[in-house]
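Right, one structure below, let's go through it.
The values are calculated or read from the model by the stated rules, or taken from the named source; none is laboratory data. It should be emphasised that the depicted structure is a prediction, and the values quoted were computed from it without experimental measurement. So basically every Cβ, Gly included, is an ideal-geometry build from the backbone, and we count neighbours across all protein chains shown.
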């Protein structure tokens, strides 16, 4: 969700990163997730203009969606924004036992089978749902995890940079998985994969207005958007398995982590890279069509591209 800077935003940051953070650090995990949902509910109630724009953009993703389901998707969008951004406060206490109560799995056997080949695994995912939960949960279950990401304080206010971003980097440093900067030399990623480790990386961009690495155009919900070729390129250079990963609402627990079989292509060279990337684009289009409230950039999606 794109947020504009201003004094009201900075006041909210100070409330969230101090009293709310302190409360989340000591409250039961189940209460913490309910509190984050409640923050999304409050924002949803107070944001008529944002709700209207989200409902409009939702028609580009699901033209035939009925009004009740559209409103449910928009409410989930607000809830997911707060969970995704702030559940980092809960991660220090999210051990394997807590993870068992929080998530269920589908396709974990695909990850195990890929690791059995001994050449490393790349889990390609999107800005969809609470993106760090699979990383932390898999690490708590004993998988050797790293993430390629692009943390940035570009465009933030002084409070945004010196409070929110600084503390976020502190908490990300406490996660049981190192985050490798996408715009740095990726020697650590190559070494990690050669040691049969697991790397998570996004297949739908950096989450910022920056394009890092090679991108190409693909059809997406009837429009054309730029998607990064990096996951497929890295898989090709390391001979690692490339598996799509998604986090969706659970059936019996709060979330379900879905790990799909490894992507494969009969092509070689640049055609293989484009084919594998296109396969992931079709996967994320499918999941975002089913669960549009988990789509991070719904407020920026419009015909012809993503709004800056």
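With respect to residue 82, determine if the residue is under 21 Å from the mean Cα position of the chain (by Cα) and more than 23 Å from residue 1 (Cβ to Cβ). Criteria not met by residue 82. In the set (1) within 21 Å of residue 1 (Cβ to Cβ); (2) at pLDDT 95 or above; (3) outside any strand (DSSP E or B), residue 265 fails one condition alone, (1). In region 187-196, the qualifying residues are those that are surrounded by 19 or more Cβ atoms within 10 Å (Cβ to Cβ) and out of contact with any helix residue (DSSP H, G or I) (no Cβ under 6 Å at 6 or more places or on another chain), and the one that is nearest to residue 138 (Cα to Cα) is 192.
For every residue, the table says whether it meets (1) surrounded by fewer than 22 Cβ atoms within 10 Å (Cβ to Cβ); (2) more than 30 Å from residue 237 (Cα to Cα); (3) without any contact (Cβ under 8 Å) to a residue 24 or more places away in the chain.
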{"site": "51", "(1), (2), (3)": "yes, yes, yes"}
{"site": "58", "(1), (2), (3)": "no, yes, no"}
{"site": "75", "(1), (2), (3)": "yes, yes, no"}
{"site": "85", "(1), (2), (3)": "yes, yes, yes"}
{"site": "97", "(1), (2), (3)": "yes, yes, yes"}
{"site": "101", "(1), (2), (3)": "yes, yes, no"}
{"site": "122", "(1), (2), (3)": "no, no, no"}
{"site": "127", "(1), (2), (3)": "yes, no, no"}
{"site": "146", "(1), (2), (3)": "yes, no, no"}
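Checked against the criterion of being surrounded by fewer than 18 Cβ atoms within 10 Å (Cβ to Cβ), modelled with pLDDT of 95 or more and touching a strand residue (DSSP E or B) at 6+ places or on another chain (Cβ under 7 Å), the candidates 34, 21, 108 yield just one match: 108. For residue 225, the stated conditions hold: it is in a strand (DSSP E or B), surrounded by 16 or more Cβ atoms within 10 Å (Cβ to Cβ) and modelled with pLDDT under 95.
Here 251, 288 are screened, and the one residue that is in contact with a strand residue (DSSP E or B) (Cβ under 8 Å, 6 or more places away or on another chain), farther than 18 Å from residue 111 by Cβ and assigned to a loop (DSSP other than H, G, I, E, B) is 251. Closer than 22 Å to residue 249 by Cβ and within 18 Å of the chain's Cα centre (by Cα), is that true of residue 151? It is false that residue 151 is closer than 22 Å to residue 249 by Cβ and within 18 Å of the chain's Cα centre (by Cα).
The single condition from (1) in contact with a helix residue (DSSP H, G or I) (Cβ under 8 Å, 6 or more places away or on another chain); (2) part of a helix (DSSP H, G or I); (3) crowded, with 19+ Cβ neighbours inside 10 Å that residue 236 fails is (3).
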